[in-house]
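Okay, so here's the structure we're looking at.
Quick note: the coordinates plus some simple rules give every number you see, no bench work behind them. Please read all numbers here as calculations on a predicted model, not as lab measurements. Reconstructed Cβ throughout: ideal geometry from the backbone, glycine too, with neighbour counts over all protein chains shown.
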Amino acid sequence: MFKLFKTIIKVGTKTTIKYPFEPLDVCDDFRGKPEHDPEQCIACGACTQACPANALIMETDIENNLRRWEISFARCIYCGRCEEVCPTNAITLSQEFELAVTNKADLYEEANFTLAHCVECAEAYAPTKAVSYVHDLLVQSGLDRDDPYLSQLLNTCPSCCRRANMLDSRTLVHGQYFHDALANDSLACDVSADKVFQQERSNQGE
Ligand code: SF4
Ligand code: SF4
């Protein structure tokens, strides 16, 4: 009996919590509802790639020139992968855990971002904010913000960039060889060599 009183005095009378009649404190690293900041988001899509529960999706709507980002709190498993991979800290897990809603639509949140168009072919190729973000990173790393080459490069889609950077076969070493050989008609020796080979095979009765 003495031991029981000793334990009661040590623990106190507050052995249960009064939640939901008073707020419930959670630990500092509690992983609750993901909070998305569209201002900070550059629509890079890294979080949608990393999300193991497919709670995050990103769709491109070419007709309306938009990229749509959406989260479903019904699917989220609060793993925190989105927070880990986000390059701009646009998505963070809060300490909110009371997520019950009466309207199913409230389980979704979305944000829309405009698309940048290629200066060569006019096709939409990336979210405008992602292009600006890369531009800022390159400027921070020492490149000149007003460099026309940098601007041209960032405002050109990957297909047009590849096309523009393709090497002319006549400037390559082996390309130059064939180009010269064709011009001098010296490839004829290869043809005669082929004829000799075929003659040898027929001589051997093959
Ligand atoms: S916390 Fe995990 S499951 Fe939820 S949105 Fe982020 S990555 Fe997806
Ligand atoms: S990773 Fe961050 S910046 Fe990229 S789409 Fe997701 S929330 Fe936006």
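Results, tabulated for the structure shown:
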item: Qualifying GluC sites (Glu not before Pro) in region 24-67, DSSP loop, other Cβ atoms within 10 Å at most 11; result: GLU39, GLU63
item: Vicinal HN-Hα couplings computed from phi for region 61-71 (Karplus, 6.51 cos²θ - 1.76 cosθ + 1.60; Hz; Gly/Pro x); result: 10, 4, 4, 9, 6, 9, 10, 9, 10, 9, 10
item: Estimated dipole of region 61-148 in Debye, rounded to 20 [Cβ of Lys and Arg +1, of Asp and Glu -1, Cα centre]; result: 240
item: Order of MET1, MET58, MET166 under a 10 Å beta carbon neighbour criterion, fewest first; result: MET1, MET166, MET58
item: Compactness index (Cα Rg / 2.2 N^0.38 Å), region 30-164; result: 1.22
item: R0 of 45 Å, Cβ-Cβ distance VAL11-GLU35: FRET efficiency to nearest 0.05; result: 0.80
item: Förster-model FRET efficiency, 45 Å R0, GLU98 and LEU150, C-beta, rounded to 0.05; result: 0.40
item: Gain in span if fully extended, ASP61 to VAL119, counting 0.36 nm per residue against the direct Cα distance; result: 18.9 nm
